Amino acid sequence: MNPLQRPNAPAPQRVSVVVVGAGPAGLTVGNILRRAGVDCVVLETETREFIEQRPRAGVIEEWAVRALEQRGLGENLLQKAQRHTACEFRFDGRQHRFSYSELTGRHHYVYPQPLLVTDLVREYADVRGGDIRFGVRDVQVHDVDTDRPSVSYTCLRSGQRQVLHCDFVAGCDGARGVTRRSLPDDEFRVARYDYGIGWLSLLAEAPPSSDCVLFGIHEDGFAGQMPRSPEVTRYYLQCPPGDDPANWSHERVWAELRRRLAAEGAPELVEGRLIEKRMLDMHDYVVEPMASGRLFLAGDAAHLVAPIAAKGMNLALHDAFLLGDALVAHLTQDASSDSAGRDSGLQGYSEACLRRVWDYQEFSQWLSDVYHGSAAGEPFRTGTTLARLRRLFTSRAAAVAFAEQYLGTAERY
Ligand code: RFL
């Protein structure tokens, strides 16, 4: 049945923008719209408590923090986030510290994703008075190829079907969302890449053993340490794709981390309870173009980048800044004034996002070869992997180029 015609449904509502998904992308778009006085509704399948605690990213690039700050969204982050100035590669049994700030004057911020999401929800809902509806079910997007799209959903509490008519839909519902599926089949393509590698992703209730990110390049597989806070540390262990986390006992995890991150003179890893243990099959995809008609995708809904180079949330924020600003320009400027300027942001949105997306995908692939090359069991690949690593410490040009990609600071994308 057409959801717009269901009996006993509440009267349809009208709003300028419906944002589907309250992750970093959707909440940032919502905040930009609210700040400009544009009416919008954010729809989210989970509860507020759930999204404020869901652990994921931690590394945020400096340009993204500045862009949040410019939009009034960076205050807490700037007060509480750690500033990271270096990362460390461990190979050949030694520590190799890579001080990217010394080379470039730029740094990374480490701020756990749940804290950022908490800040963004508070600002959107409690400070800017934004409408956000949690626990929605069966979200469907309609008529995005017309001037009158709509989004329908079932309200968990009342069980009733609700319809929101709008001018635009922002599809920010992540990798498992529904908005991507509303793009007409013949208008877009999905480019996919599978690394054929698994990562056991772990969160430990333990302080990091080093003040920076560690990359352990080992013949038995990659191991990584990503500080999240003084109490919690994220670790990764390369394993066969599809491996079962149950195969990884507490003892096995810590023994393997100690072995793969071992280096002369390095401090002992601090063991702690493992509060998250999940398997990630490393793969990427990119949807091109990221928009059709009145539907604009942002973040993981449009592109997934395996967490190899800590880029996914940064890309989600980049999309959200461009989309939020473009929607504001379109919806708040006088239609008769300068229609080219008013619409250029929306028209160029997909292309502008995809340039950075592809650049970050390429860097993640390159870095994946470095992380995993020694464990391929192929002496030739081991040789070229170690050559790449040594070059970072013997060639200033190679080091500067790496730092630029790692920090996302190219002059143009
Ligand atoms: P999200 O965060 O997945 O948010 C999407 C939201 O949409 C909701 N949703 C729906 N809502 C309404 N209707 C539907 N039908 C819906 N379906 C889903 C979901 O509940 C959710 O709240 O997507 P967004 O906003 O695009 O943000 C993307 C980032 O979350 C993601 O790219 C990062 O977490 C990736 N990532 C990292 N990125 C970084 O930049 N730096 C890092 O250090 C970093 N570390 C990581 C990561 C991802 C990881 N995992 C779990 C894959 C570490 C890990 C382990």
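Listing for the model above:
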read-out	value
Which listed residue, of A329, A291, A309, A301, is surrounded by 18 or more Cβ atoms within 10 Å (Cβ to Cβ), in contact (Cβ under 8 Å) with a residue 12 or more places away in the chain and more than 13 Å from the chain's Cα centre (by Cα)	A291
Qualifying strands (runs of 3 or more DSSP E) (wholly inside region 158-247; at least 1 residues being more than 22 Å from V357 (Cβ to Cβ))	161-165, 189-205, 213-216, 223-227, 233-239
Residue check for S229: in contact with a Leu (Cβ under 6 Å, 6 or more places away or on another chain), surrounded by fewer than 23 Cβ atoms within 10 Å (Cβ to Cβ), closer than 22 Å to H107 by Cβ and assigned by TED's automatic domain parsing to the domain that holds R97	no
Residue, surrounded by the fewest Cβ atoms within 10 Å (Cβ to Cβ), within region 173-226, restricted to residues that are away from the ligand (no atom under 15 Å from the Cβ) and of a type in the set (S, T, N, Q)	S209
All positions within region 121-142 that are surrounded by 21 or more Cβ atoms within 10 Å (Cβ to Cβ), outside any strand (DSSP E or B) and within 14 Å of the ligand (Cβ to nearest atom)	V121, Y124
Selection from region 56-75 of residues that are in contact with an Asp or Glu (Cβ under 9 Å, 6 or more places away or on another chain) and surrounded by fewer than 16 Cβ atoms within 10 Å (Cβ to Cβ)	E69, G72, E75
Hits in region 359-380 (condition: within 18 Å of L315 (Cα to Cα) and hydrophobic (A, V, I, L, M, F, W, C))	F363, W366, L367
Listing of helices (runs of 4 or more DSSP H) fully contained in region 1-120 that carry 2 or more residues being within 15 Å of the ligand (Cβ to nearest atom)	24-35, 48-51, 62-70
Candidate set from region 270-288 (those that are of a type in the set (A, V, I, L, M, F, W, C) and more than 9 Å from the ligand (Cβ to nearest atom)); member that is farthest from the chain's Cα centre (by Cα)	V270
Among residues of region 358-378, those that are under 20 Å from G216 (Cβ atoms) and in a helix (DSSP H, G or I), counted	13
Residue within region 83-105 that is over 19 Å from F402 (Cβ atoms) and either among the β-branched types (V, I, T) or touching a strand residue (DSSP E or B) at 6+ places or on another chain (Cβ under 7 Å) (or both) present	yes
Unique match (being modelled with pLDDT of 95 or more, assigned by TED's automatic domain parsing to the domain that holds V305 and within 11 Å of V20 (Cβ to Cβ)) among V169, V121	V169
Every residue from region 207-226 that is within 13 Å of R258 (Cβ to Cβ) and in contact with a Gly (Cβ under 6 Å, 6 or more places away or on another chain)	A223
Any hit, region 143-154, residues being outside any loop (DSSP other than H, G, I, E, B), within 11 Å of the ligand (Cβ to nearest atom), more than 21 Å from V357 (Cα to Cα) and outside the structural domain of I308 (by TED's automatic domain parsing)	no
Some residue of region 170-183 being hydroxyl-bearing (S, T, Y) and within 30 Å of I32 (Cα to Cα)	yes
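Results for (1) among the aliphatic types (A, V, I, L, M); (2) outside the structural domain of Y236 (by TED's automatic domain parsing); (3) part of a helix (DSSP H, G or I); (4) modelled with pLDDT of 95 or more, shown as yes or no for each residue.
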{"site": "A306", "(1), (2), (3), (4)": "yes, yes, no, yes"}
{"site": "H318", "(1), (2), (3), (4)": "no, yes, yes, yes"}
{"site": "L323", "(1), (2), (3), (4)": "yes, yes, yes, yes"}
{"site": "S337", "(1), (2), (3), (4)": "no, yes, no, no"}
{"site": "L346", "(1), (2), (3), (4)": "yes, yes, yes, yes"}
{"site": "T385", "(1), (2), (3), (4)": "no, no, yes, yes"}
{"site": "L392", "(1), (2), (3), (4)": "yes, no, yes, yes"}
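The values are calculated or read from the model by the stated rules, or taken from the named source; none is laboratory data. Note that the coordinates shown come from a computational prediction; the quantities given were computed from them, not determined experimentally. So basically every Cβ, Gly included, is an ideal-geometry build from the backbone, and we count neighbours across all protein chains shown.
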